[in-house]
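Notes follow once the structure below has been shown.
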Amino acid sequence: MTRRTMTMIGGGSGVLLVLLGGAAWWVFRGAAPAFLPPPANIAAIIRRTPTNATGMPLTLPPGFSIGIFASELGKPRVLHMGPRGELLVSVPEDGHVLALRDRDGDGAAEERAVVVTGLRKPHGIVTWEQDGRWKLFVAAEDRVLAFDYDPDARRAANPTTLTELPVGGQHVTRSLSLQWNPRVDTPPRLLVSVGSSCNICQETDARRAAILSMNLDGSDVRPFATGLRNSVFMAHAPWTRGGPVWATEMGQDFLGDALPPDEINLVEEGRDYGWPYCYGKNVRNAFDARRSVACDTKTPSHIDLPAHVAPLGLAFIPEIGWPKGWGNDLLVAYHGSWNRSSPTGYEIVRVRLAEYGARVVGIEDFISGWRVSDQRALGRPVDLLAQPNGTLYISDDHAGVIYRVTYDPSVWVDDGQEGKPPDRSAGGCVITGCSGQVCADREVMTTCEYRPEYACYANERCERQENGSCGWVATEALRSCLDRTRRPSFPGT
């Protein structure tokens, strides 16, 4: 080989490397905040003492304070309040589920227990009381499992595989939600979200890019909804416990900075939400353009969010213990972009809803400040767990912490939003308790042990009775619901 030929080959390789490097820069520009370690330990900045940390570094609305509930957790993801007030949290990368407990009530967890370990990327977690005993359901990447759960010992035992799930590919998190209407005498069903195996493709496994439904014993596994690229988190509106599931949806990558929108969908059984061919409000994707697809036959998104904000956890704001006018609005965690030239997200927003969620009044910042520059982020919010006492728990898989946000009602916030669900209390009575199950003349502390009958009070009125005390209005619907739900749990489920 001549010297000239060798030079040409070497030069060609150099050009190729430059092109590849340029392509990599173009694809991953703006990814630094997601992948580089935090520039500082946010737990050392905020510490455990709650503070309204405006500008130091997080910004919250007036009346709200934030503290560290637990730190050094690895990469915590899903949050679930256990039956004894213990906070259950999944840590997929470590293969376990933890239970955190704040026994002394100072706003920080001093007890930490491993509930279950040795699983393949456990993510979704829910609990359910069955025949007087508690069950813990866990969605790992490869299967959904049921455990006997002892909330006092914070231990899970006797695992049973309910169904196996497809593994590999791009999206490995599996999330859970209970689909149950206490006003209908039917057992609950378990919903399982399984993301797509790819950025954009036609799946060969019908269980991917879908939400599955099954009985609590793992029987009758069937598709609940399809065409959902990656619905990582789900929530039920308090006014329709057995109705549509609200689910965040991450849109396709690499269509540019502004497309496609990320979404919040109202997921109903039997619906197709369009992926991989359609997105947003029935917009046709360029994927497989030669295929004839009628996007107007697909179910459109309910709410379009900015592209690449990566929406994860969502939580409805309780009517109790939060600012007036905020009840039944939606909080959404924007995990933050990794594939946008200018990073976006890295915050929690409040979606102001009206007409029982049918109309969006606006979207505004709730907590911001995690992204400190285009190159670094102090944290990335993941899941949200809102409580009726004005408390919000937030997991952060970038900083390895769980935050605890509290609200001081002495700071009055009233935005006068129209179209809100009606006030359900009167005569100076208040709806209180961890699950909104108590009607009293003042806020009271209760255990956070959840019982199915508590859901019966979700739409009932709390007012002063003839004897002068506060109590629930005894409607026929309430009596019927309590009769059904106070019976022993559905046998065999």
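At each listed q (0.10, 0.19, 0.22 Å⁻¹), what is the log10 of I(q)/I(0) that the Debye formula gives for the range 139-251 modelled as equal alpha-carbon point scatterers?
-0.31, -1.03, -1.24
On full extension of the chain, what length is gained from VAL473 through THR186, given 0.36 nm per residue of separation minus the C-alpha to C-alpha distance?
Separation in residues times 0.36 nm, less the Cα-Cα distance, equals 100.8 nm.
Please grab the % of Cα pairs in the range 46-407 that end up more than 35 Å from each other.
On the way: 12475 of 65341 pairs.
Here the long-distance tail beyond 35 Å is 19 percent of all Cα pairs in the range 46-407.
Over the alpha carbons of the range 295-372, what is the largest minus smallest coordinate on each principal axis, giving the biggest first in Å?
41, 39, 18
Any chance you could check the Cα centroid distance between the range 210-281 and the range 290-313 for me, in angstrom?
That distance is 10 Å.
In a shell of Cβ-Cβ distance under 12 Å around VAL349, excluding VAL349 itself, what net charge do Lys and Arg (+1) and Asp and Glu (-1) give?
-3
No value in this document is a laboratory result; all are computed from the given coordinates. This one's a predicted model, so the numbers in the text were calculated from it and none came from an experiment. Because the Cβ atoms are built from the backbone with ideal geometry, glycine has one as well, and the counts that use them run over all protein chains shown.
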